[in-house]
1. Determine the dipole magnitude for the chain: charges of +1 sit on the beta-carbon of Lys and Arg, -1 on that of Asp and Glu, nothing else is charged, the reference point is the Cα centre, and the result goes in debye to the nearest 20.
2. Where q = 0.14, 0.19 Å⁻¹, what log10 of I(q)/I(0) comes from the Debye formula for the range 113-266, counting one point per Cα?
3. Which net charge results for the neighbourhood of T159, defined as the other residues with beta-carbon distances under 10 angstrom from its beta-carbon, given Lys and Arg at +1 and Asp and Glu at -1?
4. Among the aspartates and glutamates, which fall within straight-line cross-link reach of K243, defined as a Cα-Cα distance under 15 Å, with same-chain neighbours fewer than 8 residues apart omitted?
5. Roughly how many whole Å is it from the C-alpha centroid of the range 220-264 to that of the range 32-92?
6. What pairs in K102/K124; K124/K195; K90/K126; K115/K207 have C-alpha atoms more than 25 Å from each other?
7. Looking at the square roots a ≥ b ≥ c of the eigenvalues of the Cα gyration tensor of the range 6-263, which shape do they give, rounded for a/c under 1.5, prolate if a/b is larger than b/c, or oblate?
8. Within the set of other residues whose C-beta is less than 12 Å from the C-beta of F244, count the net charge using Lys and Arg as +1 and Asp and Glu as -1.
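Where a number appears in this text, it was derived from the coordinates with a stated rule and is not lab data. Bear in mind the structure is a predicted one, so any value in this text is a computation, not a measurement. Glycine gets a Cβ as well: all are built from the backbone with ideal geometry, and neighbour counts include every protein chain shown.
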Amino acid sequence: MRNKILFPFFILVLLLGGSISSQDDLSAQEIVDRSFQTTKLAGSETLSTMTIIDSRGRERIRQLASVTKLTDNGETEKRLIRFLSPPDVKGTGLLTFDYENKDDDMWLFMPALRKTRRIVSSEKAKNFMGSEFAYADMSPPILEEFLYRILGEENVNGTLCWQIEMTPVDDDIADENGFSKRITFIGQKDFVLRKAVYYDLDGELHKELTVHEIKEVDTTNHRYRPVFMTMVNLQNGRRSVVKFEKILFNPDVKDEYFTTRYLERF
């Protein structure tokens with residue numbers, strides 16, 4: 001199933017531009033939906049660095065490149081992430097078709113095996129490439145698979161945010177996403193996600209995502225992307241930091257990038 005936050009690539013992605021008659025009249029689900037939509041670019045190219053830090057402060061640094069493109073009149077976002085370094089992960093790629101109203105398709109290519117395999121729903125809660133981001137964090141969730149509730153307001157790094165609780169509708173959805181609930185903090189002026197707190201399947205505090213910096217990539221349609229974010233595992237002391245050195249708005253990204261044939265081109 002799909003989950004929210006976002007990655008490096010992920011994960012993580014939330015928000016929709018445009019004006020509305022009264023933000024006070026929005027339901028919790030409508031706010032989350034607008035948040036998801038606001039990160040959807042017609043097309044993009046990025047270069048980023050992921051730093052994985054263990055509980056003893058030891059670091060592993062990975063360089064990544066990614067491309068995205070909206071298809072099917074904006075209902076499907078295709079995304080390819082490729083590891084550029086270090087040598088032990090170079091060439092590894094993740095291809096995702098993020099659908100609005102059905103389960104995502106995900107394919108992982110591992111150069112050492114020279115083989116592509118599909119990521120199934122039961123694997124979505126697993127960590128992505130040793131980071132604290134899960135596969136489920138690579139794309140937004142299916143809205144109808146969660147219940148929503150506005151808990152209040154909170155200031156996050158100078159931005160007034162709605163505090164919204166997302167709860168899976170049943171145990172199967174919780175298992176597939178890896179959390180019993182998530183509290184998201186969404187900016188009231190721009191609908192951009194600023195923070196998210198995850199609780200594990202036993203209801204215990206598990207992880208916290210903080211978005212330190214965002215960028216308005218498409219200034220015409222007011223579309224944003226996080227360019228600096230940290231996911232902290234509060235149970236084991238590990239954390240993963242993602243910084244984007246380059247993010248380019250490009251609606252003309254080639255369609256050939258979003259095929260398993262291209263995924264295996266290494």
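1. Details: 37 positive and 42 negative charges, 293 e Å.
In debye, rounded to 20, the chain gives about 1400.
2. With no solvent term, the Cα-only Debye profile gives -0.86, -1.38.
3. In short, +1.
4. Counting by Cα, and skipping residues close in sequence, K243 has these aspartates and glutamates nearby: E45, E59, E132, E213.
5. 3 Å
6. Values: K102/K124 14 Å; K124/K195 21 Å; K90/K126 20 Å; K115/K207 32 Å.
Too far apart for the 25 Å limit: K115/K207.
7. Numbers: a/c = 1.45, a/b = 1.21, b/c = 1.20.
Rounded shape, in that the Cα axes give a/c under 1.5.
8. Details: positive: K215, R225, K243, K246; negative: E45, E213, E245.
Here the charged neighbours net out to +1.
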